[in-house]
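The next block holds one structure in the form of structure tokens; read it before the comments.
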Amino acid sequence: MRGKWLWIIPVVGVALLALSLFIAACAPATPQIVEVTKEVVVEKEVVKTVVVEKEVPVLVTPTPEVKKPVKIELWVDPRFDPQTAKGHPELKTALDYEKMVANDYIKNNPHVSVEIQVLDWADLPKKVPVAIAGGVPPDILRDYLGRTSAYAYEGVTVNLEEVVPKEELADFLPGLLELYTINGHLHGLPIFYWVQNMVVNAAPFEKAGLLDMLSLDDHDWTFDEFYAAAKAIKEANVGVEYPLVMQVASEQGDYAVHAFIWGAGSNTWRDDCQGLDLDNPQALAAMEFLNKLYKEGLINPDVTTAGWQDVNNLFYAGKGVFMGGGISTVNVSIPQAQKEGKVTAPMDARLTLYPHLGDKPSGLPVGPTGLVMFQKQGRSDYELQEITKFLIHLSSEKWQRDYCISSGQFPTRYSVGAPLAGDPNYELTLEWIKKYGVVSMGLNCPHYYEVRTAMPAFFQAMFLGKMTPQEAINGMMKASKDIFGK
Amino acid sequence: MTVLAAYPERRRTWWQKIWDARAAYLFILPAYIPFIVFVLYPLIDGLRLSFYEAGVNKAKWRFIGFDNFVRLFTRDDVFIIALKNTFLFVLIVVPVVVVISIFLAVIVFPLPRAAQSFVRMSFYMPVVSGGVVLAMVWIWIFNRDFGLLNYLLEIAGFYKLLGIPKIGWLAQTETALLSLAMVVISWSIGQPLILFLAALGNISEELYDAAKIDGASGWQIFWKITLPLLRPTTLFVLVTTTINVFQVFVVVLLMTLGGPANATQTIVYRIYENAFVFYKYGYGAAMGVVLLLIVGSIAYFQFKLLGQEVEY
């Protein structure tokens with residue numbers, strides 16, 4: 001008799017398992033997601049909140065217009081941590097910064113609630129596409145053009161020229177809006193951009209009496225002059241082992257390599273964005289120059305596997321004196337490293353231009369970050385309107401100015417002017433952009449990231465002597481053609 | 001004619017047989033539900049996805065038949081390199097792991113319990129530490145300028161003796177894959193060691209006594225008695241280690257990113273790149289199907305070769 005009812009035990013077990021799975025599935029979101037509106041509600045007057053959240057009878061005095069609540073999901077990069085956002089000492093985390101910006105909007109729009117996720121750099125390229133593919137993208141994403149352009153090519157972004165008023169768009173720099181226009185549609189709003197230069201530690205040169213070799217008066221130096229300076233500082237016995245520190249372990253180090261290609265007078269991408277454009281004598285000359293630097297020990301020997309921190313460590317330790325960087329490197333990263341005791345060599349970090357092969361320096365690479373809005377099933381016109389207004393707030397003159405001061409980057413609106421005016425590095429970089437223009441990095445080209453990721457293997461092979469510079473170029477061109485299906 | 005033969009057995013249908021064993025099926029259901037949800041369903045859906053051009057925009061997914069597979073073998077040079085590297089990696093790691101764990105088990109087995117426990121714990125610690133932690137430690141061990149390995153080799157006069165500069169273990173194509181193999185071997189020995197120790201405990205002492213009486217040497221005892229009787233365990237270790245090593249990923253992601261110059265590019269890393277970096281889910285799924293067929297075939301042949309029972 002007892003054995004007959006034995007099957008009840010596993011049935012109960014399965015039921016308990018199903019119940020626990022159900023409870024787990026219905027559990028609230030992880031603590032990483034913050035409902036900003038809760039903070040606002042605490043700070044705001046209760047009466048106002050009650051008016052918004054509960055439908056109350058008409059009062060004797062006329063009530064303000066009650067708008068339907070809207071919840072906006074905003075995902076951002078972790079750019080504005082307390083180290084970078086120096087104008088806000090009260091902030092503890094990057095999330096605090098984003099909450100501050102959102103609260104500034106909500107105080108005048110209490111019907112809006114904003115759910116913010118600050119993704120780390122490693123998560124950005126993974127979590128967002130998975131969310132899109134799963135049908136649960138954020139409403140607004142702040143990310144780099146190189147990634148948002150891929151979303152635009154997939155057709156998952158809202159065409160902003162259809163929702164953002166023309167008078168708003170008129171305030172943006174046309175060149176940047178053009179960068180963000182893909183297949184005839186504006187897929188994002190640029191909100192700030194960085195400029196890549198070369199950072200040089202002038203201290204060892206001064207110690208060795210070689211400061212004049214750096215061309216710091218006009219920042220206009222040729223490949224040969226750069227080579228001479230690198231060789232001289234290595235031989236001067238002041239602790240410099242590998243004058244030029246860089247990394248080609250991943251695609252993240254590519255701009256430092258491409259800077260020499262641009263300096264030699266070549267593009268990296270074709271003007272029609274249909275692949276790489278390295279099959280020319282100028283690109284070959286740049287690759288041969290880099291190869292020569294490596295073979296003569298003027299580039300760090302772990303260039304094929306070093307990470308960003310390794311490159312920085314070599315620079316901070318005075319083993320290297322040239323590395324890629326920009327205003328934020330000189331104004332923020334290096335001073336922060338000095339404060340943390342990571343800089344162990346005498347340091348006099350200056351911005352300069354990469355050397356060139358032709359008659360003048362090349363244009364500067366410019367990398368914008370922007371805001372994109374994703375398409376979402378079931379979103380009403382009203383919600384679209386509200387999200388657009390919040391997007392415009394995030395890219396407003398006030399906050400762009402703050403972004404630029406906090407991160408050492410450049411604004412994208414005319415009305416912002418020059419937030420870092422007076423900063424010599426800022427003025428210098430602006431002057432260079434006006435004089436030499438900008439180069440195309442292919443950020444808004446189709447398959448940009450795939451091509452970009454394919455390239456480091458060939459730089460590595462060249463440095464390790466497995467390929468000649470020409471073979472490396474041929475390999476990259478073939479990889480590019482394969483990716484484009486040609 | 002017996003009494004039983006007068007009553008022929010009633011034929012039962014398959015669902016009747018399942019109903020008879022319903023308690024047993026219900027007992028294993030809690031384990032099978034997660035298996036179906038997290039393994040079987042994704043496997044079947046991945047197979048389906050491999051025939052699609054599938055990116056982040058589901059509305060743009062389209063059926064392309066075998067195009068992904070054709071592209072893999074005709075236009076993706078990096079995948080071919082990844083295939084070769086993965087096979088080479090398996091050929092290096094699997095025999096070393098099996099041989100070392102058998103060797104260690106045979107040496108450790110006769111030791112006192114305390115010593116056995118110490119050795120078991122030492123080799124099993126990497127297994128429980130997790131690949132990420134170990135990879136981070138090994139990155140520093142292999143560091144060219146500050147790493148422990150080069151420091152010890154310098155003290156031992158290795159570089160001076162050979163007259164060569166310091167080796168960047170992860171930075172050179174000749175040494176990168178071997179360095180990763182060393183890392184994977186270090187954390188793969190623990191589990192087989194435990195299994196072999198347990199299997200050695202099941203071999204009857206009488207067989208060894210009989211062999212000694214017959215004048216067999218230590219080597220003969222090992223080769224003719226111990227090893228054949230360890231065959232079932234060896235087969236299990238071989239198959240599971242092969243499957244695990246074919247799926248090498250963590251060390252590549254954390255230590256070399258497939259470089260230098262694709263020297264450590266592997267199939268699973270290539271799947272990861274295509275699916276999660278380039279958003280080509282269908283193409284990544286096709287690579288997964290290829291990996292499944294390779295691993296499945298190898299496991300089948302291993303069973304065929306080593307699957308015979310041994311009896312004394």
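No value in this document is a laboratory result; all are computed from the given coordinates. Keep in mind it's a predicted model, so treat the numbers as computed, not measured. Cβ atoms come from the backbone with ideal geometry, glycine included; neighbour counts cover every protein chain shown.
Side notes on the structure shown:
- For segment A:278-327, the set of trypsin sites (Lys or Arg not before Pro) satisfying both a DSSP loop assignment and a count of at most 16 other C-beta atoms within 10 Å is empty.
- Protection proxy ranking, highest mean first, for peptides A:191-197, B:197-203: A:191-197, B:197-203, where packing is the per-residue count of other beta-carbon atoms within 10 Å, averaged.
- Take every pair of alpha-carbon atoms less than 8 Å apart whose residues are at least six positions apart; their mean separation over the length of chain A yields a relative contact order of 21 percent.
- Under 5 Å between amide hydrogens, built in the peptide plane, is the criterion, and for A:SER113 it picks out A:VAL70, A:LYS71, A:ILE72 among residues at least 5 positions away or on other chains.
- Across segment B:166-312, Cα pairs under 8 Å and at least six residues apart give a relative contact order of 27 percent.
- Amide H contacts for A:HIS356 (H built 1.01 Å from N in the peptide plane; partners 5 or more residues away or on another chain; cut-off under 5 Å): A:TRP221, A:THR222, A:PHE223.
- Each Lys and Arg adds +1 at its Cβ and each Asp and Glu adds -1 at its Cβ; summed about the Cα centre, chain A shows a dipole of about 1420 debye.
- Relative contact order (percent, whole number), chain B, Cα cutoff 8 Å, 6+ residue spacing: 28 percent
- Whole-Å distance, taken between Cα centres, linking segment B:139-191 and segment A:243-273: 30 Å
- Gyration tensor verdict on chain B (Cα atoms; rounded if a/c is under 1.5, prolate if a/b is larger than b/c, oblate otherwise): oblate
- Shielding of B:271-280 by partner chains, average beta-carbon count, 10 Å: 5
- For chain B, built as a Gaussian network whose Cα springs stay under 10 Å, the top-fluctuating residue of B:PHE103, B:PHE35, B:PHE278: B:PHE35
- Kirkwood Rh, Cα atoms: Rg over Rh of segment B:28-136: 1.16
- Cβ-Cβ FRET estimate between B:GLU205 and B:ASP45, R0 fixed at 45 Å, reported to 0.05: 0.30
- Cβ-defined net charge surrounding A:LEU124, 13 Å radius [Lys, Arg +1; Asp, Glu -1]: +1
- Whole-angstrom gap from segment A:390-450 to segment A:321-341, using each part's C-alpha centre: 19 Å
- Separation of the B:LEU292 and A:ASP224 label points, Cα + 7 Å toward Cβ, nm: 6.2 nm
- By the rule of a C-alpha distance below 20 Å, with chain neighbours fewer than 8 residues away ignored, the aspartates and glutamates paired with A:LYS68 are A:GLU35, A:GLU39, A:GLU45, A:GLU53, A:GLU55, A:ASP104, A:GLU115, A:ASP139, A:ASP381, A:GLU383, A:GLU386.
- Simple Cβ-charge dipole of segment B:72-306, Lys/Arg +1 and Asp/Glu -1, about Cα centre, in debye nearest 20: 160 debye
- Ignoring the sites themselves, chain B has its longest run without trypsin sites (Lys or Arg not before Pro) in a DSSP loop having at most 14 other Cβ atoms within 10 Å at B:76-312.
- Dipole of segment B:72-306 [Lys/Arg +1, Asp/Glu -1 at C-beta], most positive-end residue of B:THR266, B:SER217, B:VAL119: B:THR266
- Sum of -39500 (n - 2.57) over DSSP H runs of 4+, divided by residues of chain A (222 nm, nearest 500): -12500 deg cm²/dmol
- Taking one quarter of the surface of the C-alpha convex hull of the protein assembly as shown gives a mean projected area of 50.5 nm².
- C-alpha center-to-center spacing [segment A:170-223, segment A:451-486] in angstrom: 26 Å
- Which of B:VAL108, A:ASN474, B:PHE27, positive extreme of dipole for the protein assembly as shown (C-beta unit charges): B:PHE27
- On the beta carbon distance between A:GLU206 and A:TYR414, with R0 = 51 Å, the FRET formula returns roughly 0.80.
- Close Lys-Lys pairs in segment B:72-306, where close means Cα under 30 Å and separation is 8 or more or interchain: 5
- In chain B, the sites counted are GluC sites (Glu not before Pro) in DSSP loop states with at most 12 other Cβ atoms within 10 Å, and the longest stretch holding none of them, exclusive of the sites, is B:10-308.
- Sorted fewest first by neighbouring Cβ atoms within 10 angstrom, A:SER250, A:SER407, B:SER188 come out as A:SER250, A:SER407, B:SER188.
- Calculated from backbone phi, Karplus (6.51, -1.76, 1.60) coupling profile of segment B:249-257 in Hz, x at Gly/Pro: 8, 4, 5, 5, 4, 8, 9, 9, 6
- Unsatisfied cross-links (Cα-Cα over 32 Å) in the set A:LYS99/A:LYS434; A:LYS376/A:LYS398; A:LYS434/B:LYS60: A:LYS99/A:LYS434; A:LYS434/B:LYS60
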